[in-house]
Amino acid sequence: MKPILTAKVGTNADLFPDILRLYVPEGSRVLDMTYGRGVFWKNVDVSKYDVIRNDISEDRGEHHEDFRKMSWPDASFDAVILDPPYIYHSGAVHKDGGMHTDYRNDERASGGIYGVPAVDEMFRDGLEEAYRLLCVDGVCIVKCMDQVVGAKQVWQHITLMGNALSLGYVIEDLLVMVRNGPVIMRHPHQIHARKNHSYFLVFRKQK
């Protein structure tokens, strides 16, 4: 069997099975808090896990709760997946000339807070709820991406790590997914290197 490396060129569906193989034993009860279209699970034999699919959109998954406040009791799961809309720009990102609504975050903001503070707050709330739902020694797998906002670097993975530590998690791993294919440029000039990678972070609930 080939070793699992810290970086992989491909898609979420290519890297996610490696993370499960390392950190989620077969037979585990897994909550995907933000199931979406189920892309992460495309290359996974889901019969090997007890997967609970949740998404706030009623046309996705089997449960439709806000991931920040869920109805399951404490310590219900061996693993939790967290992949909320993580693009900081108010609205969405461009895709094929239009707006890719899967990445919208403006409607997720609370208390009139938008942009970077809103997304960071959303992630922290999700991490806190995942901690409650995890069994001792369970893992939370989080998808995120560093970004440039207003020509300034915003290191989303560092913020997430700090929040995870403050909540009581141990940082187990950081895996990098390198995008396969061209990167779209919205402007003819650039100030920083264009990002073509994202992260999966693995946090473990301490004993």
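Any read-out appearing in this document is the output of simple, stated calculations on the displayed coordinates, not a laboratory observation. None of the values given here were measured: they were computed from a predicted structure. For neighbour counting, all protein chains shown are included, and Cβ atoms are generated from backbone atoms with ideal geometry for every residue, glycine included.
Calculate for the chain the 222 nm mean residue ellipticity that helices alone would give, adding -39,500 (n - 2.57) per DSSP H run of length 4 or more and normalising by residue count, nearest 500 deg cm²/dmol.
Using -39500 (n - 2.57) per qualifying helix, the result is -6500 deg cm²/dmol.
Using the 10 angstrom Cβ neighbour count as an exposure proxy, how do M1, M161 rank, fewest first?
Starting with the residue having the fewest Cβ neighbours, the order is M1, M161.
With a 10 Å Cβ neighbour count serving as the proxy for reagent exposure, in which order, fewest first, do S57, S76 appear?
The most exposed by this proxy come first: S57, S76.
Identify all aspartates and glutamates with a Cα-Cα distance to K207 below 19 Å; exclude those on the same chain that are fewer than 8 residues away in sequence.
Leaving aside aspartates and glutamates fewer than 8 places away in the same chain, those within reach of K207 are D74, D78, E128, E129, D137, E172, D173.
Which pairs in the list K48/K205; K2/K143; K69/K205 are over 26 Å apart, alpha-carbon to alpha-carbon?
Listed pairs above 26 Å: none.
For E172, list long-range residues whose amide hydrogen, built 1.01 Å from N in the peptide plane, is under 5 Å from its own amide hydrogen.
Those qualifying (amide H under 5 Å, at least 5 residues apart or on another chain) are V202, F203, R204.
Region 119-207: which chymotrypsin sites (Phe, Trp or Tyr not before Pro) are DSSP loop and have at most 15 other beta-carbon atoms within 10 angstrom?
W155
In a Gaussian network model over the chain where Cα atoms closer than 10 Å are linked, find which of G181, G168, G27 has the largest mean-square fluctuation.
Looking only at G181, G168, G27, the biggest GNM fluctuation is shown by G181.
Tell me, L167, L175 in order of fewest to most beta-carbon neighbours within 10 Å?
Ascending number of Cβ neighbours within 10 Å: L167, L175.
Scan around G138 for amide H atoms under 5 Å from its own, H built in the peptide plane at 1.01 Å from N, and keep only partners 5 or more places away or cross-chain.
Excluding prolines and chain starts, which carry no amide H, the hits are K205.
With contacts defined as alpha carbon pairs under 8 Å and 6 or more residues apart, what's the relative contact order of the chain in percent? Could the numbers behind the result be given before it?
Numbers: 385 pairs, mean separation 43.2, N = 207.
About 21 percent, as a whole number.
Could you give the size of the charge dipole of the chain about its Cα centre, using +1 on the Cβ of each K and R and -1 on the Cβ of each D and E, expressed in debye and rounded to the nearest 20?
720
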